[in-house]
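> Pasting a structure here, questions to come.
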Amino acid sequence: MVDFLKLAQPGITELSPYQPGKPVEELERELGIADIIKLASNENPLGPSPVVRASISGQLAELARYPDGSAYQLKDKLQAKLGIVPAMVTVGNGSNDVLELVARVFLGPGLESIVSEHSFVVYPLVTKSLGAELTVIPAIDFGQDLKATLAAISDRTRIVFIANPNNPTGTWVSKQSLLSFLDAVPEEVLVVLDEAYAEYVAEPDYPNGLELVGDYPNLIVTRTFSKAYGLAGLRIGYSVSHPDIADLMNRVRQPFNVNAMSLAAALVALDDEAHLQESIRVNNEGMKMLTDACDQLGLDYIPSVGNFLTIDFGRDAMPIYERLLREGVIVRPIGVYGMPNHLRVTIGLPEENMRFIDSLKEALSGGVKEALSGG
Ligand SMILES: *Cc1c(COP(=O)(O)O)cnc(C)c1O
């Protein structure tokens, strides 16, 4: 029998498959209970806008046709709504796809990317799968240390990934520190600024990457429809960069990487300002519910500007995760991010947040009982 592991490209063998959040249906079968709630994948609890649903139904008759590979209408809309120049856009099957395109253009054996400790898993994945090296900079208070990142740049560095805010920590970098960093980074080093949660952030000194791309040719900003726009299941995102970089990325992009449904949905989603604002409002309210509950329970958490909260239990969080599961609440363990004592909880609808808080109280008191009976 052939050892296929030996045949695999170096770098691939080091990877392990991405672990998605447990699907609701699977857990319902396992536990034999209904009405399970999933707060594990940072999805929009409101779902997609009603306008999007209508637009998708309208597309059904056209499904035999290939989608518009150039995403002409979407780029046009992005220009009208956000002032983005079409030649600067690269569309992706989710923004993860775009992250991979950047890596495929610029990384390879002998080259490296730099990431922060506790940063989004897709950066190591795309780096290593191309045979490039990954340099991890220790975090400060779970956030990215841009000074240390700058100091770590070498001749081999091609990409620095910055998630702003970062998943799973919810931490963010200020405009001031980002600008100092961008001013000092060599122009040959690409800075990928991942703004998957940008729509949720209201901090006055939070930088809008889209406004900076014109000033920094080596800056690539990524955005997604998966979070605030509630379209995670459709897989659509994009990057905004210097046109020369977009041109290179579009050379390696599969011609029809974004499907017709997704293009149609994204187009109208951008117009539904009310749904976006409602999503943000529900998130702000839910964030307050969860942080208030943590304060009341004496639990530490990492202040988050995203649509999720990462809670520190000060000890292995897996038993709490398991107890929450038994209560029918799915959250996300983040041991793979080097944070075994934390759990990440996505902000849900008010009733889902209440259910999580009640289950958490139950899980914690159960934990005390078990600890006592265990001596
Ligand atoms: C969710 C998320 C994304 C979005 O991924 P898609 O492929 O667009 O669904 C990108 N970056 C970070 C940090 C995320 O948490």
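The values are calculated or read from the model by the stated rules, or taken from the named source; none is laboratory data. What you see is a predicted model; the values in this text were computed from it and never measured. Cβ atoms come from the backbone with ideal geometry, glycine included; neighbour counts cover every protein chain shown.
> Please determine whether any residue of region 198-220 is free of Cβ contacts under 8 Å to residues at least 60 places away in the same chain, in a strand (DSSP E or B) and over 13 Å from the mean Cα position of the chain (by Cα).
Checked region 198-220: at least one residue is free of Cβ contacts under 8 Å to residues at least 60 places away in the same chain, in a strand (DSSP E or B) and over 13 Å from the mean Cα position of the chain (by Cα).
> Would you mention how many residues in region 215-242 are under 17 Å from V192 (Cβ atoms) and more than 11 Å from the ligand (Cβ to nearest atom)?
Selection size over region 215-242: 10.
> Moving on to the next point. From the list S41, S49, exactly one residue is within 16 Å of the ligand (Cβ to nearest atom), within 23 Å of F225 (Cα to Cα) and among the hydroxyl-bearing types (S, T, Y). Which is it?
Of S41, S49, the one residue that is within 16 Å of the ligand (Cβ to nearest atom), within 23 Å of F225 (Cα to Cα) and among the hydroxyl-bearing types (S, T, Y) is S41.
> Restricting the first residue to region 236-252 and requiring it to be on the phi < 0 side of the Ramachandran plot and in the same structural domain as G94 (by TED's automatic domain parsing), which pairs with a second residue that is among the basic types (K, R) and surrounded by fewer than 23 Cβ atoms within 10 Å (Cβ to Cβ) meet a Cβ separation below 8 Å and a spacing of at least six or different chains?
V252/R104
> Can I ask one more? Quick one: A163 ticks every box in (1) over 24 Å from N96 (Cβ atoms); (2) within 16 Å of the ligand (Cβ to nearest atom); (3) of a type in the set (G, A, S) bar one, so which box is it?
Evaluating A163 over (1) over 24 Å from N96 (Cβ atoms); (2) within 16 Å of the ligand (Cβ to nearest atom); (3) of a type in the set (G, A, S) leaves (1) as the failure.
> Follow-up question, since we're still on this one. Could you tell me whether any residue of region 257-280 is in contact with a strand residue (DSSP E or B) (Cβ under 9 Å, 6 or more places away or on another chain), surrounded by fewer than 18 Cβ atoms within 10 Å (Cβ to Cβ) and either free of Cβ contacts under 8 Å to residues at least 12 places away in the same chain or closer than 30 Å to I140 by Cβ (or both)?
Scanning region 257-280, I find no residue that is in contact with a strand residue (DSSP E or B) (Cβ under 9 Å, 6 or more places away or on another chain), surrounded by fewer than 18 Cβ atoms within 10 Å (Cβ to Cβ) and either free of Cβ contacts under 8 Å to residues at least 12 places away in the same chain or closer than 30 Å to I140 by Cβ (or both), so the answer is no.
> Could you check region 94-140 and list, in sequence order, the residues that are over 20 Å from I334 (Cα atoms) and of a type in the set (G, A, S)?
G94, S95, A103, G108, G110, S113, S129, G131, A132
> With the condition kept exactly as written, say whether any residue in region 110-129 is out of contact with any Cys (no Cβ under 7 Å at 6 or more places or on another chain) and exposed (fewer than 15 other Cβ atoms within 10 Å of the Cβ).
Kept after step one, since they are out of contact with any Cys (no Cβ under 7 Å at 6 or more places or on another chain), are these residues of region 110-129: 110-129.
Right, trim to exposed (fewer than 15 other Cβ atoms within 10 Å of the Cβ) and you get 110.
Within region 110-129 (the criterion being out of contact with any Cys (no Cβ under 7 Å at 6 or more places or on another chain) and exposed (fewer than 15 other Cβ atoms within 10 Å of the Cβ)), the answer is yes, since at least one residue qualifies.
> Then there is this: What number of residues within region 19-38 satisfy the criterion of being more than 16 Å from the ligand (Cβ to nearest atom) and touching a helix residue (DSSP H, G or I) at 6+ places or on another chain (Cβ under 9 Å)?
9
> In addition: Among the residues of region 195-206, which ones are touching a Lys or Arg at 6+ places or on another chain (Cβ under 6 Å) and away from the ligand (no atom under 16 Å from the Cβ)?
Scanning region 195-206 gives a single hit, D205.
Yes or no, residue by residue, for (1) surrounded by 19 or more Cβ atoms within 10 Å (Cβ to Cβ); (2) of a type in the set (D, E, K, R); (3) within 17 Å of the chain's Cα centre (by Cα):
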{"residue": "A54", "(1), (2), (3)": "no, no, no"}
{"residue": "A61", "(1), (2), (3)": "no, no, no"}
{"residue": "V89", "(1), (2), (3)": "yes, no, no"}
{"residue": "S95", "(1), (2), (3)": "yes, no, yes"}
{"residue": "I137", "(1), (2), (3)": "yes, no, no"}
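> Among the residues in region 184-191, are any in the same structural domain as N93 (by TED's automatic domain parsing), within 16 Å of the ligand (Cβ to nearest atom), of a type outside the set (S, T, N, Q) and crowded, with 24+ Cβ neighbours inside 10 Å?
If we filter region 184-191 for residues that are in the same structural domain as N93 (by TED's automatic domain parsing), which is where we start, we get 184-191.
Next, from what is left, pick out any that are within 16 Å of the ligand (Cβ to nearest atom): 191.
Add one more test, that the residue is of a type outside the set (S, T, N, Q), and what stays is 191.
With the extra rule that they be crowded, with 24+ Cβ neighbours inside 10 Å, the set shrinks to none.
No, every residue in region 184-191 fails to be in the same structural domain as N93 (by TED's automatic domain parsing), within 16 Å of the ligand (Cβ to nearest atom), of a type outside the set (S, T, N, Q) and crowded, with 24+ Cβ neighbours inside 10 Å.
> Can you tell me which residue among L27, L46, L39 is at pLDDT below 90 and of a type in the set (A, V, I, L, M)?
L27
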